[in-house]
Amino acid sequence: MSEVAEECKKQRHHPEWTNVFTKVHVRWTTHVPQGLSGKDAKMAEFCDGAARRWAEVVKGEEEGCGCEGAKGG
């Protein structure tokens, strides 16, 4: 979370996130324009990279965010 927080400062873009014990859920969204933006996608990719660097990728989710079917990001 610290690595992502530092990148958030640099990009001036912040997530809605929760941390419970060993799980972190991150939601990227933009108010203007509504929905997802390129910055949201860039930060999601950064999160995926950080998870790989810290060996925190959940088995079976190596190929994506695991959010198929999620509404609103």
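The values are calculated or read from the model by the stated rules, or taken from the named source; none is laboratory data. None of these values were measured; they are calculated from a predicted model. When we count neighbours, we look across all protein chains shown, and the Cβ atoms used for this are built from the backbone with ideal geometry, even at glycine. Surface accessibility is based on the protein's heavy atoms, side chains included, excluding ligands, DNA and RNA. Shrake-Rupley method; radii C 1.70, N 1.55, O 1.52, S 1.80 Å.
Pairs linking a residue in the range 1-28 that is among the hydroxyl-bearing types (Ser, Thr, Tyr) to a residue that is open to solvent by 80 Å² or more (accessible area, probe 1.4 Å) and outside any loop (DSSP other than H, G, I, E, B), with Cβ atoms under 7 Å and 6 or more positions apart or on different chains, are Thr18/His25.
How many residues, within the range 14-47, are under 24 Å from Val58 (Cβ atoms) and out of contact with any Leu (no Cβ under 8 Å at 6 or more places or on another chain)?
As a first pass, look at the range 14-47 and keep what is under 24 Å from Val58 (Cβ atoms): 14-29, 36, 40-47.
Still in the list and also out of contact with any Leu (no Cβ under 8 Å at 6 or more places or on another chain): 14-27, 36, 40-47.
So the answer is 23.
Put simply, of Ala55, Ala44 the only residue that is within 14 Å of the chain's Cα centre (by Cα) and modelled with pLDDT of 85 or more is Ala44.
Out of everything in the range 1-30 that is out of contact with any Lys or Arg (no Cβ under 8 Å at 6 or more places or on another chain) and part of a strand (DSSP E or B), what residue ends up being farthest from Gly49 (Cα to Cα)? Residue satisfying both the conditions and the ranking: Val20.
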